[in-house]
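Presented below is the structure to which this report refers.
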Amino acid sequence: MRKHILLFPFVVLFLAACGGTVSQPQAEKSATGQLQPRFTASAPTASVAVAQAKPAAVPSDPIGAFTYTMLPHAEDAAQTLGVDPAIIIAHAGLESGWGKKPIRFADGRDSYNLFSLKAYDSWTGDTVKIRTTEYLGGRKVKKTETFRAYPSFQAAFEDYASLLANNQRYAKALGQGDNAKGFAQALHKGGYATDPRYVSKFANVTKKVRRISDRMSA
């Protein structure tokens, strides 16, 4: 035993000279609260890279990219109106050409008005005038109309949901769930759109959006 004690300091010096380390006892608490000795590893700990989930890539097609961008806003509006978010995105996409035909100010600024909401006398926010196409008696007519302008897409979705929820003309559009055709018919009858093919266009576009949103949530 005495020889072992005498040799220990020389072992420590030898390991130190070679770049090694000697584990030192440390105390840690056991489950009962008592201090128990433990030893730390003498070898250096290798760094471990933590894998982080990458966000889903933005789809390259116009409908997919638009759906990806607008889905968070559409979910809030859909909850207010009692419909599938795909219906809200389809409506915004149909009115704005999937964001490729925005209503802009003369200086090029975006009005963020994805739903082509017009500014009537009750509207107190910003406005923008543009040439647009209306259907009168089944015929296309070019007119200059005044539209609402917003500071952001979020504001546009909020105003859209508020308008439909509080206007008796569109009462039958509420609570339609995933019934895109029923929703579009209620809008058309309420005077929201004048295109005679509006309902069929709306229903077909919603199917495309729903397929994309389902893939995104899978």
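The values are calculated or read from the model by the stated rules, or taken from the named source; none is laboratory data. Just so it is clear, the model here is predicted, and its values are computed rather than measured. Every residue, glycine among them, receives a Cβ derived from its backbone with ideal geometry; neighbour counts consider all protein chains shown. Quick note on the areas: whole protein, heavy atoms, side chains included, nothing else; ligands and nucleic acids left out. Shrake-Rupley method; radii C 1.70, N 1.55, O 1.52, S 1.80 Å.
Neighbours of Tyr150, meaning other residues whose beta-carbon lies under 15 angstrom from its beta-carbon, give a summed charge of -2 when Lys and Arg score +1 and Asp and Glu score -1.
In order along the stretch 69-84, the phi-based Karplus estimate (6.51 cos²θ - 1.76 cosθ + 1.60, θ = phi - 60°) of 3J(HN,Hα) comes to 6, 8, 4, x, 5, 5, 4, 5, 5, 5, 5, 5, 8, x, 9, 5 Hz; Gly and Pro are listed as x. Determine the sum of side-chain charges near Ser200: Lys and Arg each +1, Asp and Glu each -1, restricted to other residues whose C-beta is under 14 angstrom from that of Ser200. With Lys, Arg at +1 and Asp, Glu at -1, the net is +4. Sorting Thr132, Thr124 by solvent-accessible area of protein heavy atoms yields Thr124, Thr132, largest first, with a 1.4 Å probe. For Leu81, Leu71, Leu94, the ranking by accessible surface with the largest value first comes to Leu94, Leu71, Leu81, using a 1.4 Å probe.
With the convex hull drawn around the C-alpha atoms of the stretch 61-218, the volume per residue stands at 111 Å³. Distance from the C-alpha centroid of the stretch 122-163 to that of the stretch 61-108: 14 Å, rounded to the whole angstrom.
Entry comment: accessible area of the stretch 53-124 is 53 Å² per residue, from protein heavy atoms only and a probe of 1.4 Å. Here's how it looks for Lys129: its modeled amide H is under 5 Å from those of Phe147, which are all 5 or more places away or on a different chain.
Here is the list for the stretch 83-157: trypsin sites (Lys or Arg not before Pro) lying in DSSP coil, each with at most 16 other C-beta atoms within 10 angstrom of its C-beta, are Lys100, Arg109. Computed over neighbours whose Cβ is under 14 Å from that of Lys172, the net charge equals +3, Lys and Arg +1, Asp and Glu -1.
Restricting the stretch 87-139 to chymotrypsin sites (Phe, Trp or Tyr not before Pro) that sit in a DSSP loop and have at most 12 other Cβ atoms within 10 Å of their own Cβ leaves Tyr120. Rolling a 1.4 Å probe over the protein heavy atoms of the stretch 65-137, with every protein chain left in place, gives an accessible area that is 46 percent carbon and sulfur.
Tell me whether the stretch 139-205 comes out rounded, prolate or oblate; compute the Cα gyration tensor, take square roots of the eigenvalues as a ≥ b ≥ c, and use a/c under 1.5 as the rounded threshold. Verdict is oblate for the stretch 139-205. In plain terms, the chain from Glu158 to Lys129 could stretch by 8.3 nm, reckoned as 0.36 nm per residue minus the Cα-Cα distance.
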